[in-house]
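Everything on this sheet refers to the single structure shown next.
The values are calculated or read from the model by the stated rules, or taken from the named source; none is laboratory data. Given the structure is predicted, the values throughout are model-derived calculations rather than measurements. Reconstructed Cβ throughout: ideal geometry from the backbone, glycine too, with neighbour counts over all protein chains shown.
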């Protein structure tokens, strides 16, 4: 990705995740149907092809970024699952990070996320939230997001050509028409565990695609 791309400033209340989601979903719908160009029409494709990822990935490695809202639930769970996949598939060149479109820097992973990970032998106790920035978006070869609202923000940062809904990417869909990954924030532990297990299935499928472009 070329440096120096334009980007919009984040103006969302850092802790009001649901307000961000509601507003961004409405904005995404209006952006697609309100007489303006779609993501693809603007040249900001939201379906990174395997060929594109193969030619754009940096020599000696592949950079994977997961994005959610606050970077305390879904994206850190996705990242720790993906790191396990990297080890199990012997893909040492893959680097995995996570971020949030409305993160409060340094926040710990939610207790439910930590416990869901621990029940599956993974550790999120040292996680600290990271805000998605233009620089971090540019760092990634592939950005997998949890909802259309997050996809819209990535497109606003100029990184739409390397971004996709994780549900769409995992299922090999031609369009970003997959659903959102449920946000368990504020819910009981069983909701976190359900989301964790859903992410496990999605990430296993995603790596079936990624193995074709990542060198062992």
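General remarks:
- Residue 114 modelled with pLDDT of 95 or more, under 16 Å from the mean Cα position of the chain (by Cα), surrounded by 15 or more Cβ atoms within 10 Å (Cβ to Cβ) and on the phi < 0 side of the Ramachandran plot: no
- Among the residues examined, residue 130 does not qualify as more than 16 Å from residue 72 (Cβ to Cβ), touching a residue at least 24 places away in the same chain (Cβ under 8 Å) and either in contact with a helix residue (DSSP H, G or I) (Cβ under 8 Å, 6 or more places away or on another chain) or surrounded by fewer than 19 Cβ atoms within 10 Å (Cβ to Cβ) (or both).
- The range 139-153, residues that are in contact with a helix residue (DSSP H, G or I) (Cβ under 6 Å, 6 or more places away or on another chain) and assigned to a helix (DSSP H, G or I): 148, 149, 152
- Every test in (1) in contact (Cβ under 8 Å) with a residue 60 or more places away in the chain; (2) in a helix (DSSP H, G or I); (3) under 16 Å from the mean Cα position of the chain (by Cα) is passed by residue 158 save one, and that test is (2).
- Looking across the range 83-126, the residues that are closer than 15 Å to residue 61 by Cα, in contact with a helix residue (DSSP H, G or I) (Cβ under 8 Å, 6 or more places away or on another chain) and not in a loop (DSSP other than H, G, I, E, B) come down to 94, 96, 97.
- Those residues of the range 133-189 which are within 15 Å of residue 209 (Cβ to Cβ), surrounded by fewer than 19 Cβ atoms within 10 Å (Cβ to Cβ) and touching a strand residue (DSSP E or B) at 6+ places or on another chain (Cβ under 7 Å), in sequence order: 178
- Residues that are farther than 18 Å from residue 82 by Cβ, without any contact (Cβ under 8 Å) to a residue 40 or more places away in the chain and over 15 Å from the mean Cα position of the chain (by Cα), drawn from the range 180-216: 186, 190, 194
- Looking only at residues in the range 61-82 that are in a loop (DSSP other than H, G, I, E, B) and in contact (Cβ under 8 Å) with a residue 40 or more places away in the chain, the one that is nearest to residue 194 (Cα to Cα) is 73.
- Of all residues in the range 161-181, those satisfying the criterion of being part of a loop (DSSP other than H, G, I, E, B) and within 18 Å of residue 99 (Cα to Cα) are 180, 181.
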